[in-house]
Amino acid sequence: MKLLKGLFRPRGSASKGQESVTHLIYVKIPAPIGPRERAERFENPLEEVLQRTGVGEISGGGSLLSAPDADGHCSIEYCGIDVDVNDLAAGLELLTVEMRRLEAPPGTSLEFQVDGEWQQLNIYDVPQ
């Protein structure tokens, strides 16, 4: 995980009177997982470790539905979890480790911004 820390320049802490900077990391899970299962398998355990470590918190989640089929039924194409973190490198490292531990499906990725540009990191492409 040292690789992740080297990707980002360190940010100083906020001055008194200013809010600290938060970073959004979108955890994209390429599986047809509904809201209840997503919460039980991923959101609840992630929220616990995020709070325990002080790295951040879950701020949302959802699913992308397919276009309706001939019968008008939609299916879940993928789901995701919005995570707000106060340190991007620490958040990426924690989410990579935890999503692997929680046996996220292959292709699970973390999407985030660096200098205004969206980046994507497959959790299984990062060396342990």
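Computed from the coordinates by the stated procedures, all read-outs in this text should not be read as laboratory data. Note that the structure is a prediction, hence the values are computed from the model and not measured.
Summary table below
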{"read-out": "Calculated on alpha-carbon atoms, Rg and Dmax of the stretch 58-128 in Å", "value": "14.7, 46"}
{"read-out": "For residue 122, distant residues with modelled amide H under 5 Å away", "value": "110"}
{"read-out": "Hydrodynamic radius by Kirkwood, which averages 1/r over all alpha carbon pairs of the stretch 34-90, in angstrom", "value": "12.8"}
{"read-out": "Under-5 Å amide H pairs with residue 33, H placed in peptide plane, nonlocal only", "value": "79"}
{"read-out": "Per-residue HN-Hα couplings for the stretch 95-104 [Karplus 6.51, -1.76, 1.60; θ = phi - 60°; Hz; x = Gly/Pro]", "value": "5, 4, 4, 5, 5, 5, 4, 7, 6, 4"}
